[in-house]
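Computed from the coordinates by the stated procedures, all read-outs in this text should not be read as laboratory data. Please read all numbers here as calculations on a predicted model, not as lab measurements. Neighbour counts run over all protein chains shown; Cβ positions are idealised from the backbone, glycine included.
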Amino acid sequence: MKFIFLIAFIHLLPQCTGKPLRWDDCHQHTFKEIKREMTGYSDIAKAIINLAVYGITAEVLVVTSFDELHKRAQDAKGKIVVYNQPFISYKETVKYRLLGAVEAGKVGAVASLIRSIASFSINSPHTGWQHYQSDVPKIPTACISVEDAEMMARMSSRGTKIVVTLKMGAKTYLDTGSFNTVAEIVGSKYPEQVSFVFCFLVFLFVCLFWRGTIT
C-alpha cells in the first residue's frame, strides 16, 4: 500500500483594503432631510453619490460601447446609462466597470449600470473595483447581471421607455488590515517542481466542496 504525505506551509501576506459595508435597509427620506444632509458635504459630487441611498429615478439609455455613448452624448444627459457591452475577454472588457461611471459622468448622466464582466451568468451580478477621476462628476454606479442588461437592451430596441429607481447602500471606510493567503504544498514524488494555483479563497472552498459531493 502506498501513502502520499502532503506538507502545507501557510503564509499570510498583509495588505490594506477598504472595509465595505452593505446596508440593505434603505428607506425613504423627506426632501428636508435630504437637503439638510447635502449641506454637510464639501462638494456636490459627494452629495449626488449619497443621494443614491435615497433613490435616483431616471430614464435609461442602453449602449454597447464607450464610442456609442459619446456619439449619443446629447441623449445621455440626465439619464442612467446601462452598458450592455459584449464580453471579449476579462482584460479587454473590464474597462467598462473601471471607467463606466467616468465616461457616463462626462456626458452628464446621473448614474451608470454595468453589465457584469463575465462570459457566463446565472442571473447574479459580478461586482468589483471601479475608478473615479477628480475632474469628472462622481456619479453612482453599480453592476447588474448579464440577463438584466440584455433584457433592457431588448426593451430599448423595441422603443420601450425604461425608467429605473436606483437605491444603493454600500459604504467604504478607511483602509484596514487584511491578508492574502498563500499555501505551499510540497509533493512527495516531485518536490523540486513548482506549480501555481491562485483564485479567490471562497471559490476554492466552493470547488473543493462541490468536487467532494459528486465523487
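Before moving on, here are some points about what is shown:
- Label point 7 Å beyond Cα of residue 151 along Cβ direction - residues of region 77-93 with amide nitrogen under 16 Å: 82-84
- Under 5 Å, built H, 5+ apart or other chain: amide partners of residue 133: none
- Put a plus charge on the Cβ of each Lys and Arg, a minus charge on the Cβ of each Asp and Glu, and nothing anywhere else: the dipole of region 53-164 about its Cα centre is then about 120 debye.
- In this simple spin-label approximation, residue 77 and residue 135 carry label points 7 Å from Cα along the Cα→Cβ vector, and these lie 2.1 nm apart.
- Sequence-distant residues sharing a close amide H with residue 144 (under 5 Å, placed H): 114, 115, 116
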